[in-house]
Amino acid sequence: MSSSSAKTSSIPTVKLLIDGKFVDSTTTEWRDVVNPATQEVLARVPFATQDEINAAVAAGKKAFKTWRKTPIGTRARIFLKYQQLIRENMGELAALLTAEQGKTLPDAEGDVFRGLEVVEHAAGIGNLQLGELANNVATGVDTYTLLQPLGVCAGITPFNFPAMIPLWMFPMAIVTGNTFVLKPSEQDPMVTMRLCELALEAGIPAGVLNVVHGGEGAVNAICDHADIKAISFVGSTKVGTHVYNRASLAGKRVQCMMGAKNHAIVLPDANKEQTLNALAGASFGAAGQRCMAVSTAVLVGDAQKWIPELVAKAKTLKVNAGTEKGTDVGPVISCAAKDRVESLIERGVKEGAKLELDGRNPQVSGFEKGNFVGPTIFSGVKPGMSIYDQEIFGPVLCLAAANDLTEAIEFINANPNGNGTAIFTQSGAAARQFQEDIDVGQVGINVPIPVPVPMFSFTGSRASKLGDLGPYGKQVVLFYTQTKTVTARWFDDSTTAQGVNTTISL
Ligand code: NAD
């Protein structure tokens with residue numbers, strides 16, 4: 001991070017969004033946004049000052065007074081318009097995302113599209129934010145619930161899905177009547193900002209959506225701010241745990257979706273070709289930088305003989321810049337991330353795993369400075385090895401072995417993480433045993449990356465999640481609203497007064 005005024009540089013600056021205006025920060029702390037395939041500096045992102053964060057929250061607090069009472073139809077129509085604008089700008093959004101994040105252009109469109117689905121869902125809020133009513137709970141008495149917005153809510157997002165994950169958060173928070181302060185990843189904030197520009201163009205009023213940038217300081221300021229009522233966080237387990245503890249102590253509602261070690265079980269009765277394709281795609285796609293990437297495959301019985309074919313398949317994947325046609329694996333996000341992945345590969349070798357395919361230092365002509373790591377496969381991986389115990393977040397697949405399904409399930413349940421998992425089999429009975437006994441939030445049956453569509457909620461568990469309600473879907477409507485329960489009786493002139501009643505009955 002550099003400490004200088006952005007105005008002395010010709011490189012564009014990323015703006016803050018406060019009270020409906022995109023403004024330059026007055027901070028002296030800036031960080032470069034770097035293209036991971038070329039090291040070109042694309043922009044400079046400010047680390048917002050405490051005053052700027054306070055101004056963003058104050059704008060949200062002021063706007064909440066009117067936004068919370070804005071009719072459902074008005075709110076819904078903004079998101080109808082917003083989904084149309086995202087579709088119209090899909091190409092530009094994907095190009096921006098690939099430039100700053102590195103993933104391939106088709107995968108970048110997928111990133112935007114999975115967020116767009118949440119925007120579409122938000123447009124259906126009329127059917128989602130419904131209370132309940134019980135008629136005649138006592139004579140002439142009805143009880144009903146109101147799902148009321150909380151106030152200013154905040155979102156803190158990671159680098160790996162800079163379109164999808166912000167769109168998991170602010171559309172559902174805002175459409176339920178809240179106002180929002182977003183703190184995007186400082187590593188790739190540009191596509192997020194473009195999405196915010198489109199949100200304003202769709203009609204989100206001034207102060208309803210605000211954006212501040214920064215790192216630890218901005219996150220801590222959000223955790224501590226008395227006027228922020230709820231925080232949605234997605235990122236690593238270390239930071240998420242800190243956010244959960246700090247913000248909960250400050251009395252906020254918090255949901256944290258965190259790190260992972262996702263296992264796939266491969267039974268020998270699985271369709272071999274489909275399974276190997278799925279494993280390679282889910283392990284090496286997005287250079288392994290998905291929280292739902294398959295990072296460990298547990299090969300059961302004769303499926304252990306498939307390793308050479310899996311290696312052969314991985315070798316066919318093309319490592320190149322995300323902008324190049326036919327690329328399968330783009331760069332990892334930063335030089336530091338590349339160093340970390342490579343040093344973990346080194347440790348894997350030292351700790352006794354068998355390096356079946358070494359993806360270090362691939363030659364990528366025309367992009368020699370890029371942060372590339374090619375598909376890497378280890379077999380003989382066991383708990384206690386760093387490559388198994390840590391989330392590598394790179395294109396590295398660990399292979400472990402089990403004698404039968406029960407042993408494979410026990411192996412996965414012994415890992416602390418519970419984000420995603422999958423089984424590959426043609427046996428309905430095996431799949432059913434897996435879905436019943438596995439202690440992981442999101443389960444795929446012949447589906448390698450089972451991220452739920454937005455009519456459901458993202459449902460990580462154990463060390464991958466803190467807080468009970470997940471992002472998007474029905475659960476997030478409850479997360480972003482306070483249930484108020486009203487018990488009402490209306491008297492008319494003919495009702496006879498019953499005198500004072502000192503018992504608890506209605
Ligand atoms: P990260 O935890 O480093 O950063 C997430 C956010 O926290 C960023 O906005 C960052 O600015 C902020 N931050 C970073 N360090 C901080 C600190 N010390 N104190 C306070 N705030 C801090 O995560 P990342 O590297 O951007 O993203 C990758 C991680 O996110 C992986 O662990 C991945 O599994 C996880 N992830 C989880 C999900 C999920 O749904 N479970 C989805 C995507 C990513």
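The values are calculated or read from the model by the stated rules, or taken from the named source; none is laboratory data. Computed from a predicted model, the values in this text were never measured in an experiment. We place every Cβ from the backbone using ideal geometry, glycine too, and count neighbours over all the protein chains shown. Ligands, DNA and RNA are stripped out before the accessible areas are found, and what is left, the full protein with its side chains, is counted by its heavy atoms. Shrake-Rupley method; radii C 1.70, N 1.55, O 1.52, S 1.80 Å.
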List pairs: first in region 300-311 and closer than 13 Å to Leu405 by Cα, second in a helix (DSSP H, G or I) and among the acidic types (Asp, Glu), Cβ under 7 Å, 6+ apart or cross-chain? none
Can you tell me which residue is farthest from the ligand (Cβ to nearest atom) among those in region 172-191 that are out of contact with any Phe, Trp or Tyr (no Cβ under 8 Å at 6 or more places or on another chain) and under 16 Å from Gly60 (Cα atoms)? Val181
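Report, by residue number, each residue of region 141-170 that is part of a loop (DSSP other than H, G, I, E, B), away from the ligand (no atom under 11 Å from the Cβ) and out of contact with any Leu (no Cβ under 9 Å at 6 or more places or on another chain).
Initially, region 141-170 is screened for residues part of a loop (DSSP other than H, G, I, E, B), giving 150-151, 157-163.
Those left that are additionally away from the ligand (no atom under 11 Å from the Cβ): 150-151, 163.
Leu150, Gly151, listed by residue number.
Go through region 192-235 and give me each residue that's β-branched (Val, Ile, Thr) and within 14 Å of the ligand (Cβ to nearest atom). Let's see the steps before the verdict.
First pass over region 192-235, keeping only residues β-branched (Val, Ile, Thr): 192, 204, 208, 211-212, 219, 222, 228, 231, 234.
Residues satisfying the conditions are Thr192, Val211, Val212, Val219, Ile222, Ile231, Val234.
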Residue count for region 240-271, restricted to those that are touching a residue at least 24 places away in the same chain (Cβ under 8 Å) and within 7 Å of the ligand (Cβ to nearest atom): 6
Residues of region 49-58 being in contact with an Asp or Glu (Cβ under 9 Å, 6 or more places away or on another chain) and open to solvent by less than 20 Å² (accessible area, probe 1.4 Å), in sequence order, are Ala56, Val57
Would region 380-399 turn up any residue that is more than 29 Å from the chain's Cα centre (by Cα), assigned to a helix (DSSP H, G or I) and more than 27 Å from Lys325 (Cα to Cα)? no
If I go through region 376-392 residue by residue, how many of them are under 13 Å from Val294 (Cα atoms) and open to solvent by 60 Å² or more (accessible area, probe 1.4 Å)? 1
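What are the residues in region 285-306 that are buried (at least 18 other Cβ atoms within 10 Å of the Cβ) and either away from the ligand (no atom under 16 Å from the Cβ) or over 13 Å from Pro395 (Cβ atoms) (or both), if any? Before the answer, list the steps.
Of the residues in region 285-306, the ones buried (at least 18 other Cβ atoms within 10 Å of the Cβ) are 285-300, 303, 306.
Passing the criteria: Cys291, Met292, Thr296, Ala297, Val298, Leu299, Val300, Ala303, Trp306.
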I'd like the full set of residues that are within 16 Å of Lys313 (Cα to Cα) and among the charged types (D, E, K, R), limited to region 358-379. Asp358
Only one of these is of a type outside the set (Phe, Trp, Tyr), out of contact with any helix residue (DSSP H, G or I) (no Cβ under 7 Å at 6 or more places or on another chain) and more than 30 Å from Gly151 (Cα to Cα): Val45, Val34. Name it. Val34
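May I ask you to verify whether Ala430 is more than 29 Å from Ser248 (Cβ to Cβ) and surrounded by 14 or more Cβ atoms within 10 Å (Cβ to Cβ)? If you could, list the steps in order and put the result at the bottom.
Numbers: more than 29 Å from Ser248 (Cβ to Cβ): yes; surrounded by 14 or more Cβ atoms within 10 Å (Cβ to Cβ): yes.
Spelling it out, Ala430 is indeed more than 29 Å from Ser248 (Cβ to Cβ) and surrounded by 14 or more Cβ atoms within 10 Å (Cβ to Cβ).
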